[in-house]
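Encoded as structure tokens, the structure appears first; notes follow it.
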């Protein structure tokens, strides 16, 4: 079998390539990679396959393209030629930035999905499967505060950023295409590092606030933890899942005929930890006093508003990241995982691996300049 994969060089995509080639010995992958020319394409492919066992490397090839461009960045003849060889597609590529202008987020997330669907239709038209395994996000639930079911998409929710909104619009395209193509929708929650090693190459999502906590509260220990309260809701749930588990779940669903037509939350679901629980793990790991909290909806919000212009002037990125991240520290949706559980996909408990994430991120200085 030959399958096209987008986003193969990204944080999750690399893990998916490894999981798929390990689980499916007969599977060959064609990775759609951005490159200026054939030389750069070869270099990027070599970097992608380098961690794989030698016997698996030859089963991964690459084509030059870009999901954000019309026809996946290929000419009509190139797209037709690829569709004549490939049987199905796995769409992992997306921008996960919260601060893109809406049109830019749509160009990548919605436009990319539209291009992959166009490709799958071409595969189907010439007699191939045309199946699409689509990696979305559980946060299409937006600002909901109830339990979001796997069979739900639009329930009147609002959105906290352009990422959530553009990913909902992309998933809507996939669901509509399910009337003519076999599709599988996979919705990971917040993806963190490897559960076995703590390793990560992406210091987004919870890593940014974790870095702030360690730098601010750890620098003046033990005085600051006693004096300065954390302006977040301690009981707010953060649904986190390790990247290796997500990749393995994607590989399992990719191989399942029964998964067709389904939508699966790759999430901790009812076992999602609270912010307080994760902060306590960090504090215990670094040997500092456990923190106390301030209600972010209380009087502290007026102080934050007053400080915002000053912070924007002296540290604009900190101000922007803070605003975007704080939206996830007040109240979040919970995720139903019924279909995922029925498929045998149960996320590991956060206590089994979170300390390894903290230790690795601290040793790597939280990606150094990546999140400053």
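Read the figures in this text as sums done on the coordinates, not as results from a lab. Since we're looking at a predicted model, the values are computed, not measured. Every residue, glycine among them, receives a Cβ derived from its backbone with ideal geometry; neighbour counts consider all protein chains shown.
Over the chain, Cα pairs under 8 Å with separation of 6+ residues give a relative contact order of 18 percent. Could you state the angle between the C-alpha long axis of helix 111-125 and the longest principal axis of the C-alpha atoms of the chain, as a value from 0 to 90 degrees rounded to the nearest 10? Tilt of helix 111-125: around 30 degrees.
Of the residues 248, 13, 128, the one that moves most in a GNM of the chain with alpha-carbon contacts below 10 Å is 128.
Between residue 39 and residue 284, the C-beta separation translates, for a Förster distance of 56 Å, into a calculated FRET efficiency of about 0.65. Here the Kirkwood formula, the inverse mean of 1/r across different C-alpha pairs, assigns region 104-180 a hydrodynamic radius of 13.3 Å.
Arranged by the count of other C-beta atoms within 10 angstrom, fewest first, what order do 39, 205 take? Before the final figure, lay out each step's value.
On the way: 39 9, 205 18.
Result, fewest neighbours first: 39, 205.
The relative contact order of region 237-285, computed from alpha carbon pairs under 8 Å that lie at least 6 residues apart in sequence, is 61 percent. The modelled label-to-label distance between residue 338 and residue 78, using points 7 Å beyond Cα along the C-beta direction, is 4.5 nm. Placing pseudo-labels 7 Å out from each Cα toward the beta carbon at residue 173 and residue 125 gives an inter-label distance of 1.7 nm. If you wrap the Cα atoms of region 1-106 in a convex hull and average its projected area over all directions, you get 7.2 nm². When the chain is treated as a GNM with alpha-carbon contacts under 10 Å, the residue of 333, 234, 25 showing the greatest mean-square fluctuation is 25.
A Gaussian network model of the chain, with springs between Cα atoms under 10 Å, assigns the largest mean-square fluctuation among 109, 280, 161 to 280.
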